[in-house]
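Below you'll find the structure, written out as structure tokens, and then a few comments.
The values are calculated or read from the model by the stated rules, or taken from the named source; none is laboratory data. Every value quoted in this text rests on a predicted model; they were computed, and no experiment measured them. Ideal geometry is used to build each Cβ from the backbone, glycine not excepted, and the neighbour counts take in all protein chains shown.
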Amino acid sequence: MKILITGGAGFIGQRVAKRLLERGELDGKPIDEIVLLDVVRATFDDRRVRAETGDISDLKVLNQHIDTDTEAIFHLAAIVSGQAEADFDLGMKINLDASRALLEVCRAKGHAPRVVFTSSVAVYGGDLPAIVQDDTALNPQSSYGTQKAIAELLLCDYTRRGFVDGRVLRLPTISVRPGKPNAAASSFVSGIIREPLNGERSTCPVDGDTRVWLLSPQRATDALIAGCEIGRAALGNRPIINLPGLSVSVNEMVEALREVAGDEAVARIDWQRDERIEKIVVSWPGAWNTERARAAGLAGDASFAEIIRAYIAARS
Ligand SMILES: NC(=O)c1ccc[n+]([C@@H]2O[C@H](COP(=O)([O-])OP(=O)(O)OC[C@H]3O[C@@H](n4cnc5c(N)ncnc54)[C@H](O)[C@@H]3O)[C@@H](O)[C@H]2O)c1
């Protein structure tokens, strides 16, 4: 089987590739090749991996890397929330136009590959119930959320028409994310844990009562692969799944940090509200109903302290 991962040099793309290589198969078929397509070259020491640089907004690039042997596509390339809000044109071009172009190229090839699209909590917003339900209306309060919501609908329609076998997996915010802060409005959700654990200071830009919906990188990776393997029939006429998460307030996250790493780590957090970030983050749901995901065998994390311990274990 040949698999394409757009955004294959990114945080989730690298993890999905690594996990797929460890498994050696997807949906019962041996993996012959994984193409990692990104504007940045991925480095991977495995003969089954081909790292390619290219911009997914370029039709030639998509045509070059999607062929009738490409049985599964993890479409992860994106302009993240903070950047898509700062640069409207770029967000539209990559998150929306290039996503549609990718679907069009699949349609033209005519072999209906499986396409996993990573959507986000950001498709919801406004006046939300404490627990968002499957039928809660989408009401994004950011350009990123709007671009994701439109791309979701496109993927559903291309799936209904039989052009692709798509599935939208809505991700909670991923935490604890290793590495450096990024341009996502949610970057602090990892930063306030990661930086203090590394002996560095970190700024929390939102109120401690702000509730966030979180999933660890390990669980997110497993869920994306399991989501790709869900049979068409199980998805019915709604190929969208809200992945399980943990609903925690920022204060509860900080208490979990105290439990795992003590007062000294917590003292490295500076509290300084940033209206621009807070406005985006508080518009996202703090929890959603995960019945459908659990019925499909997709699991979340047990506690935020467990997520922190897993981050520390993976680091060492
Ligand atoms: N990490 C999270 O908390 C989270 C939450 C919800 C949804 N998501 C979604 O999951 C997906 C992966 O997220 P991530 O955290 O790995 O992000 P990331 O920023 O680490 O990875 C995205 C990758 O896409 C690449 N990319 C951007 N523009 C491109 C282009 N024009 N052509 C080719 N590649 C391009 C980037 O170089 C980057 O490597 C994204 O679609 C994101 O919107 C992530």
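Observations on the model:
- Yes/no for V132 being more than 19 Å from I56 (Cα to Cα), crowded, with 18+ Cβ neighbours inside 10 Å and touching a Lys or Arg at 6+ places or on another chain (Cβ under 6 Å): no
- Residue list for region 230-249, restricted to those being surrounded by 21 or more Cβ atoms within 10 Å (Cβ to Cβ) and among the β-branched types (V, I, T): I241, V248
- Filtered residues of region 28-62 (kept if out of contact with any helix residue (DSSP H, G or I) (no Cβ under 7 Å at 6 or more places or on another chain), modelled with pLDDT of 95 or more and more than 12 Å from the ligand (Cβ to nearest atom)): G28, K29, P30, D32, E33, R47, R50, K60
- Residue count, region 17-55 (criterion: over 24 Å from E229 (Cβ atoms) and either among the hydroxyl-bearing types (S, T, Y) or touching a strand residue (DSSP E or B) at 6+ places or on another chain (Cβ under 6 Å) (or both)): 6
Table: residues versus (1) within 11 Å of the ligand (Cβ to nearest atom); (2) in a helix (DSSP H, G or I).
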{"site": "I3", "(1), (2)": "no, no"}
{"site": "E71", "(1), (2)": "no, no"}
{"site": "A78", "(1), (2)": "yes, no"}
{"site": "S99", "(1), (2)": "yes, yes"}
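- Test: residue in region 7-25 that is under 21 Å from the mean Cα position of the chain (by Cα), assigned to a strand (DSSP E or B), at pLDDT 95 or above and within 13 Å of the ligand (Cβ to nearest atom): no
- Test result for P181, in contact with a helix residue (DSSP H, G or I) (Cβ under 6 Å, 6 or more places away or on another chain) and within 16 Å of the ligand (Cβ to nearest atom): yes
- When S283, S316, S247, S303 are checked against the criterion of being among the hydroxyl-bearing types (S, T, Y) and over 20 Å from the mean Cα position of the chain (by Cα), a single residue qualifies: S316.
- Contacts under 6 angstrom Cβ, first residue in region 42-56 being under 14 Å from L20 (Cα atoms), partner β-branched (V, I, T) and assigned to a loop (DSSP other than H, G, I, E, B), 6 or more apart: none
- Note on region 144-166: residues that are buried (at least 23 other Cβ atoms within 10 Å of the Cβ) and among the basic types (K, R) amount to 1.
- Residue count for region 209-242 satisfying the condition of being assigned to a helix (DSSP H, G or I), away from the ligand (no atom under 13 Å from the Cβ) and of a type in the set (K, R): 1.
- Filter result for P140 (farther than 26 Å from A84 by Cα and modelled with pLDDT of 95 or more): no
- Residue within region 209-232 that is at positive phi and either touching a residue at least 40 places away in the same chain (Cβ under 8 Å) or among the hydroxyl-bearing types (S, T, Y) (or both) present: no
- Residues of region 80-97 that turn out to be surrounded by fewer than 17 Cβ atoms within 10 Å (Cβ to Cβ) and either among the acidic types (D, E) or more than 10 Å from the ligand (Cβ to nearest atom) (or both), as a count: 5
- Qualifying residue in region 150-171 (condition: within 10 Å of the ligand (Cβ to nearest atom), in a helix (DSSP H, G or I), under 18 Å from G13 (Cα atoms) and in contact (Cβ under 8 Å) with a residue 60 or more places away in the chain): no
- Condition met for H65 (more than 25 Å from R238 (Cα to Cα), within 13 Å of the ligand (Cβ to nearest atom) and surrounded by 18 or more Cβ atoms within 10 Å (Cβ to Cβ)): yes
- Condition check for S120: under 16 Å from H75 (Cα atoms) and crowded, with 19+ Cβ neighbours inside 10 Å: yes
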